[in-house]
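Here the structure comes first, spelled out in structure tokens, and everything after it is commentary.
The values are calculated or read from the model by the stated rules, or taken from the named source; none is laboratory data. Just so we're clear, the structure is a prediction, and the values are computed from it rather than from any experiment. Note that each Cβ is placed from the backbone with ideal geometry, even for glycine, and that neighbours are counted across all protein chains shown. Heads up: the accessible areas ignore ligands, DNA and RNA and are worked out on the full protein's heavy atoms, side chains in. Shrake-Rupley method; radii C 1.70, N 1.55, O 1.52, S 1.80 Å.
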Amino acid sequence: MSLEQFLEWVSPGSPEETLARQVDFDRLPTHVAIIMDGNGRWAANRRLPRVEGHRAGIDAVRDAVEASARLGIGVLTLYAFSVENWKRPRSEVSTLMTLLKRYLRLELDTLLRNDIRFKVIGRPDELPPDVREELTRAEARTSGNAGMQFNIALNYGGRAEIVDAARRLIEAGVPAAEVDEKRLADFLYTAGQPDPDLLIRTSGEMRVSNFLLWQIAYAEIWVTDTLWPDFRCRHLLEGIVAYQKRDRRYGGIEPPRQAIGAK
Ligand code: IPE
Ligand code: IPE
Ligand code: MG
């Protein structure tokens, strides 16, 4: 996408416009991954039950997906539910599942309209059957789309993903001598996709929480204090502007030309 096309979507004179003008559209991150955190604190700040934070977080998801697609980001991965999140109260988990189902049902048309291809990464087999059904439907309906790849990490764990990849490598009968980084990556949930260039975490927490452990080896990390339900297009643009100021050295002594975004 170009700046001109993007500006058609944002309000003239808005902070989004100012930020968009600072973005170099030729060096966008190819893959942006987001740890959506802070829903519970957002609700607590308003003396509301935690689930209200999750409910409000849906608007932020909508905005992040549409803004990313309009910017021309190749892959967007959102961390929605970790393998560790089952430790939460049953009622919170079931509300999260219901919200997810509703989101998929309501947003499928928007995904189709914006040419977005949807995929679940994680262990969907352990999710409730009605949620699985909705996920499979969204994946099937959007599978022919050629625009942005939108991954949702659900019942996802970075270590679990590497274990699953190792099991599938063995099941596929790959000889040990042939196992290298490229071959192993072909068995990850994200096979065929570029690694994240930019990892965003909201709510100020400085940790990775078992997200995309393999893929973020050289991702640039940007943390914002904004709580997820307050996250909007302008925060994404802030993250991209910050990312474009980084030197990506990949272990060398100077950034390779074209390192940012271009893979
Ligand atoms: C992120 O918000 C949503 C999920 C992990 C599903 P949290 O629910 O973790 O909110 P905080 O971190 O408790 O504020
Ligand atoms: C990370 O948030 C998981 C998701 C965003 C789905 P958590 O709130 O579960 O992470 P911790 O517990 O703060 O590390
Ligand atoms: Mg949290």
Practice problem: Look at VAL131 and say whether it is among the β-branched types (Val, Ile, Thr), without any contact (Cβ under 8 Å) to a residue 60 or more places away in the chain and surrounded by 16 or more Cβ atoms within 10 Å (Cβ to Cβ). | Solution: yes
Quiz item: Between residues in region 72-87 that are closer than 16 Å to VAL208 by Cβ and residues that are open to solvent by 30 Å² or more (accessible area, probe 1.4 Å) and away from ligand 3 (no atom under 14 Å from the Cβ), which pairs lie under 9 Å by C-beta distance while being six or more apart or on different chains?
Solution: THR77/GLN193; VAL83/ARG123; VAL83/GLU126; VAL83/ARG159
Practice problem: Run down ASP63, ASP115 and say which single residue is open to solvent by less than 70 Å² (accessible area, probe 1.4 Å), touching a residue at least 60 places away in the same chain (Cβ under 8 Å) and among the charged types (D, E, K, R). | Solution: ASP63
Quiz item: When you go through (1) at positive phi; (2) within 14 Å of ligand 2 (Cβ to nearest atom); (3) of a type outside the set (A, V, I, L, M) one by one for HIS54, which number turns out not to apply?
Solution: (1)
Quiz prompt | Hits in region 66-104 (condition: more than 20 Å from VAL51 (Cβ to Cβ) and surrounded by 16 or more Cβ atoms within 10 Å (Cβ to Cβ)) | solution = GLU66, ALA67, SER68, ALA69, ARG70, LEU71, ILE73, GLY74, VAL75, LEU76, THR77, VAL83
Exercise. Specify which of the listed residues (LEU48, LEU78) is part of a loop (DSSP other than H, G, I, E, B) and not β-branched (Val, Ile, Thr).
Key: LEU48
Quiz item: Does ARG70 meet the test of being out of contact with any Asp or Glu (no Cβ under 8 Å at 6 or more places or on another chain) and of a type in the set (Lys, Arg)?
Solution: yes
Quiz item: Can you tell me which residues in region 77-87 are over 28 Å from GLU66 (Cβ atoms) and near ligand 2 (Cβ under 8 Å from one of its atoms)?
Solution: GLU84
Exercise. Give the residue that is nearest to the chain's Cα centre (by Cα), with candidates limited to residues of region 87-96 that are within 14 Å of ligand 3 (Cβ to nearest atom) and assigned to a helix (DSSP H, G or I).
Key: LEU96
Quiz item: Just one of the numbered conditions (1) more than 16 Å from ligand 3 (Cβ to nearest atom); (2) crowded, with 19+ Cβ neighbours inside 10 Å; (3) part of a helix (DSSP H, G or I) is not true of VAL120; which one?
Solution: (3)
Exercise. Can you tell me which residue among VAL75, VAL83 is among the hydrophobic types (A, V, I, L, M, F, W, C) and under 15 Å from the mean Cα position of the chain (by Cα)?
Key: VAL75
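For (1) within 27 Å of THR190 (Cα to Cα); (2) assigned to a loop (DSSP other than H, G, I, E, B); (3) within 15 Å of ligand 3 (Cβ to nearest atom); (4) among the hydrophobic types (A, V, I, L, M, F, W, C), each residue gets a yes or a no:
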{"residue": "ASP26", "(1), (2), (3), (4)": "yes, no, no, no"}
{"residue": "ALA33", "(1), (2), (3), (4)": "yes, no, no, yes"}
{"residue": "ALA44", "(1), (2), (3), (4)": "no, no, yes, yes"}
{"residue": "ARG55", "(1), (2), (3), (4)": "no, no, no, no"}
{"residue": "ILE58", "(1), (2), (3), (4)": "yes, no, no, yes"}
{"residue": "ARG70", "(1), (2), (3), (4)": "yes, no, no, no"}
{"residue": "ILE73", "(1), (2), (3), (4)": "yes, yes, no, yes"}
{"residue": "GLU84", "(1), (2), (3), (4)": "yes, no, yes, no"}
{"residue": "THR98", "(1), (2), (3), (4)": "yes, no, no, no"}
